[in-house]
Amino acid sequence: MSSMAARRTALAAQGFAQARPSGAVTRRHLQGVLARTQVLQLDSVNVAVRAHYAPLFSRLGNYPVELLDEAAWSHSARRPRLLVEYWAHVACLMPVSDWPLLRWRMRAHKEQPNAYWQSAGGERLAEEVLTAVKELGPITAGALEDQLGLKVERERGRGGWWNRSDVKRTCEYLFATGELTTGTRRGFERYYDLTERVLPPDVFSAPEVSPEDAARQLIAKSAVALGVATEPDLRDYYRLKPQSSQQAVAELVEDGVLEPVAVEGWRHQAYRHVDARTPRRVQARALLCPFDPLIWERDRTERLFDFFYRIEIYVPEPKRIHGYYVFPFLLGEDLVARVDLKADRAAGVLRVPGAFAELGVDHAEVAHELAEELRLMADWLGLDGVVVGKRGDLASRLGALV
């Protein structure tokens, strides 16, 4: 398989070989994207748009974010919940039907909790939290602290994600073991609830799936999402262990689900899903957030697109090359530019502090298409326009266009 054929196969698997909906985006369109990506990564960064919303915009265009909110965090007889949160790739939204495939991971967290969770108050606090959630319904960790009447001793000298109370860490432990999940979110704050009240009864009480069978099914889902991939690529999609992944790949090859292929320029053996298609041409246009499943595995991104990409959130500002929160720009079959984006909601504009073209691209064409996509994103986010800064070789031309 040529490197370009592999790229087209990967783009088609992720939904970029088909046109965006011409009319209103519906729940059916959402399900179509999820059938390809399998999961949507969650991330707390909100400088432009939260990570789970962006891949749907990349594939569907202007869609109502309430469509995803309803699918993930509400339930009714007429419109049942489609998604549930768990540690899949990392923290992700995944189809509720996939819950049984990760029970082995939940059991492993329960049998061998890490030191961070073990220090959070032990079994007694876990029992108190479960009892409180059962009585109170969906509730935040902060509200649980108040209800349990605890004086919270927060860790000193540690910032960011790790600066959490014992109650919060216990909630995260119970989330990892599958006893709690997210009942709903408000302003992205998680409201914990008993998993049995969130999942459909048939999913919650589904028979146990063995770790081996679960690995086979997860690797098969990875292959659907990736189209063509190495074994480490397939393994990374659900963060499986090498041994279980390698065994699952071998069995899926034997079953005819995966086809071994040699991809031009790839050092390792690749595998193509038997149903993957390779279009003759891909005519896509999309801004890809840093956590889009097409590009979240950076080595694979470089292999597929000859595009070296690293997120620079944690790089000191003077040392950043392209910016704080950079979206690669997909045009046709190529990643042709990088755009630093910030949704300035107070001013009502989408800010582009920097815009950078890749080597060898037509600056005029890229700027024109990028301007159109930025206008579409601003409209989707409810912003009045686009303001381009001065950084990057596309900035001047792009600023004139928008």
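The values are calculated or read from the model by the stated rules, or taken from the named source; none is laboratory data. This is a predicted model, so every value here is computed, not measured. Here Cβ is always computed from backbone atoms with ideal geometry, including for glycine, and neighbour counts include all displayed protein chains. We work out accessible area using only protein heavy atoms, side chains counted, and drop any ligands, DNA or RNA first. Shrake-Rupley method; radii C 1.70, N 1.55, O 1.52, S 1.80 Å.
A few comments on the model shown:
- Cβ-Cβ distances below 9 Å connect the following pairs, each with a first residue in region 1-19 that is under 17 Å from HIS29 (Cα atoms), a second residue that is of a type in the set (Asp, Glu) and buried (at least 23 other Cβ atoms within 10 Å of the Cβ), and a separation of six or more residues or different chains: GLN14/ASP292.
Condition check ((1) among the acidic types (Asp, Glu); (2) out of contact with any Phe, Trp or Tyr (no Cβ under 7 Å at 6 or more places or on another chain); (3) open to solvent by less than 30 Å² (accessible area, probe 1.4 Å); (4) modelled with pLDDT of 95 or more) across all residues:
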residue: ARG28; (1), (2), (3), (4): no, yes, no, yes
residue: GLN31; (1), (2), (3), (4): no, yes, no, yes
residue: ARG36; (1), (2), (3), (4): no, yes, no, yes
residue: ASP69; (1), (2), (3), (4): yes, yes, no, yes
residue: ALA72; (1), (2), (3), (4): no, yes, yes, yes
residue: LEU83; (1), (2), (3), (4): no, yes, yes, yes
residue: PRO100; (1), (2), (3), (4): no, yes, yes, yes
residue: ARG103; (1), (2), (3), (4): no, yes, no, yes
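- Once region 105-119 is narrowed to residues that are open to solvent by less than 50 Å² (accessible area, probe 1.4 Å), modelled with pLDDT under 90 and assigned to a helix (DSSP H, G or I), the residue that is nearest to ALA206 (Cα to Cα) is TRP117.
- Here the helices (runs of 4 or more DSSP H) wholly within region 226-342 that include at least 3 residues being open to solvent by 40 Å² or more (accessible area, probe 1.4 Å) and in contact (Cβ under 8 Å) with a residue 12 or more places away in the chain are 242-254.
- Unique match (being open to solvent by less than 20 Å² (accessible area, probe 1.4 Å) and either part of a strand (DSSP E or B) or over 28 Å from ASP233 (Cβ atoms) (or both)) among LEU376, LEU370: LEU370
- Taking residues in region 185-211 that are at positive phi, and partners anywhere that are open to solvent by 60 Å² or more (accessible area, probe 1.4 Å) and not β-branched (Val, Ile, Thr), not one pair has Cβ atoms closer than 6 Å while being at least 6 places apart or on different chains.
- Failed item in (1) assigned to a strand (DSSP E or B); (2) open to solvent by 10 Å² or more (accessible area, probe 1.4 Å), with SER44 passing the rest: (1)
- Filter pass, ARG345 being among the basic types (Lys, Arg) and buried (at least 16 other Cβ atoms within 10 Å of the Cβ): no
- Taking the criterion of being out of contact with any His (no Cβ under 7 Å at 6 or more places or on another chain) and part of a helix (DSSP H, G or I), the residues of region 385-402 that qualify are ALA395, SER396, LEU398, GLY399, ALA400.
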